[in-house]
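What follows is a single structure, written as structure tokens, with notes after it.
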Amino acid sequence: IKIYNNVMIGGTLKCSASKSNACSASATQHWGLMISDARTTEIYNNTIYGMQTGIDFNYGTVGTGPYTVRNNIIANSTVSGMRVTALYAPYFKSDYNGFSGNRTDINWKGANMSAAQFAVSTTNERNAVRANPMFVNAAAGDFHLNAGSPMIDKGIATTLFNTDKDGVARPTGRGFDIGAYEKK
């Protein structure tokens, strides 16, 4: 699974009952991405804004990975930017992501951590950027980066794709920008 160059804004996933998940019809959750029983998954250069949990590796019974999360902006999550349970943790790698305004950046096997704490506790997020991404106008849904954004040129190059969400070449500056848009 390859997920890249997307913008996810405060989406709503209604809880639906199944044989293994009995839930209230009024229950509502907000996720950017929910990974469940997936094998090789690459999540690059997405902008995820205003969710309860931005990227959730929590559900399912199979966690064989690898799971790679890089160059994403995860901002204003009310629960956590990312959640990774013990099932997925051995196969999980993340770095070069941008975090801003989340209640907690990462919930790692039940423990809430900032990106900096996560980097000390694991081999992940050693190059994370924890700063306001300086969107052009998040309130109006414009998640392009303003000049001077700390997310510009802070990503890692990838061979998965060579353009951003708008078709702008990556990289345009000295390096890949973090998030769905490359600053022109």
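Bear in mind these aren't lab numbers, they're just calculated from the coordinates by the rules spelled out. Predicted model only: the values in this text are computed from it and were never measured. FYI the Cβ positions are ideal-geometry reconstructions off the backbone, even for glycines, and counts take in every protein chain you see.
Tabulated values for the structure
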item: For the stretch 112-175, alpha-carbon Rg and Dmax in angstrom; result: 14.0, 37
item: Extension gain (nm, one decimal) between A157 and K184, 0.36 nm per residue minus Cα-Cα; result: 8.1 nm
item: Total charge dipole magnitude, the chain, about the Cα centre, Cβ charges on Lys, Arg, Asp, Glu only, Debye to nearest 20; result: 200
item: Kirkwood-Stokes translational diffusion coefficient of the stretch 31-80, alpha-carbon pairs, 25 °C, 0.890 mPa s, µm²/s; result: 218
item: Difference of contour (0.36 nm per residue) and Cα-Cα distance, T172 to A140; result: 9.0 nm
item: Positive minus negative residues near S80 (Lys, Arg vs Asp, Glu; Cβ under 9 Å); result: 0
item: Rule-of-thumb Rg ratio for the chain [Cα; 2.2 N^0.38 Å; N residues]; result: 0.99
item: Rough spin-label spacing in nm, given labels placed 7 Å along Cα→Cβ, for T40 and T64; result: 1.2
item: Scattering curve values for the stretch 138-184, log₁₀ I(q)/I(0), Debye with Cα scatterers, q = 0.15, 0.19, 0.21 Å⁻¹; result: -0.34, -0.53, -0.64
item: Pairs of Cα atoms farther than 24 Å apart, the stretch 24-112, %; result: 13
item: Relative contact order (percent, whole number), the stretch 94-161, Cα cutoff 8 Å, 6+ residue spacing; result: 30
